[in-house]
1. Under 9 Å by Cβ, and 6 or more places apart or on different chains, what pairs join a residue from segment 47-62 that is aromatic (Phe, Trp, Tyr) with one that is crowded, with 18+ Cβ neighbours inside 10 Å and assigned to a loop (DSSP other than H, G, I, E, B)?
2. Are any of the residues in segment 50-63 open to solvent by less than 40 Å² (accessible area, probe 1.4 Å), in contact with a Lys or Arg (Cβ under 6 Å, 6 or more places away or on another chain) and either in a strand (DSSP E or B) or at pLDDT below 50 (or both)?
3. Report the residue count in segment 86-117 for those that are open to solvent by 70 Å² or more (accessible area, probe 1.4 Å) and either in a loop (DSSP other than H, G, I, E, B) or of a type in the set (Ser, Thr, Tyr) (or both).
4. Just a yes or no: is a residue in segment 151-159 at pLDDT 95 or above, in contact with a Pro (Cβ under 8 Å, 6 or more places away or on another chain), open to solvent by 30 Å² or more (accessible area, probe 1.4 Å) and closer than 24 Å to residue 51 by Cβ?
5. Kindly provide the set of residues from segment 133-150 that are open to solvent by 30 Å² or more (accessible area, probe 1.4 Å) and either at pLDDT below 95 or part of a loop (DSSP other than H, G, I, E, B) (or both), ordered by number.
6. Does segment 119-126 contain at least one residue that is surrounded by 14 or more Cβ atoms within 10 Å (Cβ to Cβ), under 26 Å from residue 70 (Cα atoms) and touching an Asp or Glu at 6+ places or on another chain (Cβ under 6 Å)?
Amino acid sequence: MTRAKLAKRLLSLVLAVTVVGAGITVYSNQNVKDEVYAASAAPEIEKTEYEGKGKVDVEFYGKVKFYKAKVSVKKLSTGKVYSADILKKDSDDIEFKSPSYTAGCKYKYTISGIKKSGADTYTSVTGYFTVPKASSIKIEEIEYDAEDRELSVDFETKVSWRNPVVKVYNASGTYICSGRVLEKDSDSIEVRLSRELAYGKKYKCKITGIKAKSASTYRTVSKVFYAVD
């Protein structure tokens, strides 16, 4: 046996040595391989979104596969664990639902029976989400298109609409103009303003006739923005 082959064989027998007190614990090559395979099989979560009415959508980086998948949800404030129903799953996401969520609370979920596409071993992944308070609506971003006099407003949570009205005020609170709704969906609205804004100036956008999907009352939300592209 050559020195190279002997060295390779010795390296394959022992990969890690951990000193515990006065003794030594030796981990075999196979032990470490099993841990590496399990870790490499776990998909990476790209985004977790609470969609309202108990529904949670989880998206993954790359393709995934499921086998007898199950989802459990743990309420972090109490430690209570719930079983969630899987509504749908495909090659890069999964949607599940549980009727036991409480508004304003944070949860940890575990998806078992999942692996990266091409991996040998099915494993589990964990993630987190927060159920927003019933009245909570937060504007994520407002973009102004000076050429078309358009405002695009994005929300961090899913919303519902009832005859929405969009108005713009200047920094001192004086009404400037309104916006005609061009398009709206569950997390954004786009309007065309009745007049052009002074480029670079500070404004406030107010939107009425909006509510969080999980709420029962429509309300008004606002956010400051600058008229820049």
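1. These pairs meet every condition: 50/101; 50/131; 50/132; 50/157; 50/158; 50/214; 60/43; 61/43.
2. Yes, that holds for at least one residue.
3. The qualifying residues number 2.
4. Looking through segment 151-159, none of the residues is at pLDDT 95 or above, in contact with a Pro (Cβ under 8 Å, 6 or more places away or on another chain), open to solvent by 30 Å² or more (accessible area, probe 1.4 Å) and closer than 24 Å to residue 51 by Cβ.
5. If the condition is that a residue be open to solvent by 30 Å² or more (accessible area, probe 1.4 Å) and either at pLDDT below 95 or part of a loop (DSSP other than H, G, I, E, B) (or both), then 133, 134, 135, 136, 138, 140, 141, 147, 148, 149 are the ones that fit.
6. Scanning segment 119-126, I find no residue that is surrounded by 14 or more Cβ atoms within 10 Å (Cβ to Cβ), under 26 Å from residue 70 (Cα atoms) and touching an Asp or Glu at 6+ places or on another chain (Cβ under 6 Å), so the answer is no.
The values are calculated or read from the model by the stated rules, or taken from the named source; none is laboratory data. Bear in mind that the values here come from a model prediction, so they are computed numbers and not experimental data. A quick note on method: Cβ atoms are made from the backbone with ideal geometry, for glycine too, and the neighbour counts reach across all protein chains shown. Side chains are part of the model used for accessible areas, which takes the heavy atoms of the whole protein and leaves out ligands, DNA and RNA. Shrake-Rupley method; radii C 1.70, N 1.55, O 1.52, S 1.80 Å.
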